[in-house]
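Read the structure below first, then the notes.
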Amino acid sequence: MRTLLIVCLIIIGAPLESRAADAKPAWQIDWEKTVEAAKKEGKLVAGIPASAELRKLLLDGFHNRFPGIELEATTSRGPTNASKIAAEHAAGMRYFDVLLSGTSTPFSLLHAGILEAVEPLMILPEVKDPKRWYGGHDWLDNSKRFVYTFQAYQSEVFWYNTTLTKPDELRAYDDLLQPKWKGKIGILDPRSPGAGTATWAYFLKVKGEEYLRKLAGQEMFLSRDQRQLADSLAKGKINLTIGLSYYSFAPFLKAGLPLRPLPELKEGSYTSNGSGALSVVKNSPHPNATKVFVNWLLSKEGQEAYSRGIGQATRRLDVDTKWLVEFGSKASKDFLSVEENDRRENYGEDTVMKIWSKAYKIAEEVFK
């Protein structure tokens, strides 16, 4: 009888144990269904920055993780991809699913009602948990819903020729206005999207409109060609450049030419989100594949791939970014408090729509 009772208990308990073993958290059930649905869709289309290295790392990483879903990555400057998305929507077409871009690019799509909220697409716990991110979840748009920013860092954007200039001659923004620098400063054209625009806007934020007009009076060498500006500094045609970063000077540095970044000036420098703006197209043609990509991109694995490919610092706390110092960039999470990063930020909607737009108008007026 005892043996029979044990056998009955085993028979009765086995399904219970099996059901307990099969129990899954809600997020995992949702994730598995999403992945299966994404495989049926078969692909998604993402507009990404024009970087061959970034494209390779994203395609390889995503395809290795999700072999049944094709990632089609369209590499181009952010404004170009955004213009295509806007034109398609105006024509009632749907091709793009996701846009990865710089600071100001998504706002034209946001204000046209072309974007959908990002947070509801987050499924994986490691993505949803704000404790995984420096400063928690961060957004570019004021509503904190549509443009997610996954990067925060500071680049060295003031470089000088060491044979012509001593770093102690330039310790504050006002030093740039000294007569001896007239005709000796090169700047990346602030009328074209890029670090020249961002730096010019930060000057306005910190020093005001009168400062910009005085700086323009220094008869600066203006160019949209980063290589041309870097070459001019290397050859001693100018003493200082504004708006160029390490990658513009890399070939000259490897050749041993006398170029160095200025030590941080008294007013400090701005923090940027670089090409770390994520936005999702409303009514995208591949909604489930888009969910999968968003979660992979914001995972530790995805952020490692993106950071390596673009050379910019993620806000994920579990991704190493200290190696970027060698390339003239410092992750905010590695050297700034969240409060100080917020004080220096140069990428939010208010900043872009008010300060950047005003700075742009001034640039158009003073640079003709």
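The values are calculated or read from the model by the stated rules, or taken from the named source; none is laboratory data. Keep in mind that what you see is a predicted model, and the values were worked out from it rather than measured. Methodologically, a virtual Cβ is constructed for each residue, glycine included, from the backbone with ideal geometry; neighbour enumeration extends over all protein chains shown.
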Selection within segment 40-69 - surrounded by 14 or more Cβ atoms within 10 Å (Cβ to Cβ), assigned to a helix (DSSP H, G or I) and without any contact (Cβ under 8 Å) to a residue 40 or more places away in the chain: L59
Residue check, I238 without any contact (Cβ under 8 Å) to a residue 60 or more places away in the chain, in contact with a strand residue (DSSP E or B) (Cβ under 9 Å, 6 or more places away or on another chain), among the β-branched types (V, I, T) and farther than 27 Å from N341 by Cα: no
Those residues of segment 131-159 which are in contact with a strand residue (DSSP E or B) (Cβ under 8 Å, 6 or more places away or on another chain), under 17 Å from S279 (Cα atoms) and among the charged types (D, E, K, R), in sequence order: D138, R145
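For segment 81-94, give me each residue that is of a type outside the set (D, E), surrounded by 15 or more Cβ atoms within 10 Å (Cβ to Cβ) and either out of contact with any strand residue (DSSP E or B) (no Cβ under 7 Å at 6 or more places or on another chain) or outside the structural domain of A52 (by TED's automatic domain parsing) (or both).
S83, K84, H89, R94
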Total residues in segment 331-366, condition in a helix (DSSP H, G or I) and within 23 Å of D320 (Cβ to Cβ): 8
Where L253 falls short, out of the listed (1) touching a helix residue (DSSP H, G or I) at 6+ places or on another chain (Cβ under 7 Å); (2) free of Cβ contacts under 8 Å to residues at least 24 places away in the same chain; (3) among the aliphatic types (A, V, I, L, M); (4) part of a helix (DSSP H, G or I): (1)
Selection count, segment 184-226, where residues are of a type outside the set (S, T, N, Q) and closer than 30 Å to S76 by Cα: 23
Selection within segment 180-214 - assigned to a loop (DSSP other than H, G, I, E, B), among the charged types (D, E, K, R) and at pLDDT 95 or above: K182, K184, D189
Subset of segment 169-210 (residues that are under 21 Å from F107 (Cα atoms) and among the aliphatic types (A, V, I, L, M)): A195, A198, A201, L204
Contacts under 8 angstrom Cβ, first residue in segment 125-144 being over 16 Å from E345 (Cα atoms), partner surrounded by fewer than 14 Cβ atoms within 10 Å (Cβ to Cβ) and small (G, A, S), 6 or more apart: P130/G136
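Considering segment 127-176 alone, what residues qualify as being part of a helix (DSSP H, G or I), of a type in the set (D, E) and within 22 Å of S232 (Cβ to Cβ)?
If the condition is that a residue be part of a helix (DSSP H, G or I), of a type in the set (D, E) and within 22 Å of S232 (Cβ to Cβ), then E169, D175 are the ones that fit.
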Test: residue in segment 207-221 that is among the polar types (S, T, N, Q) and farther than 30 Å from G47 by Cβ: yes
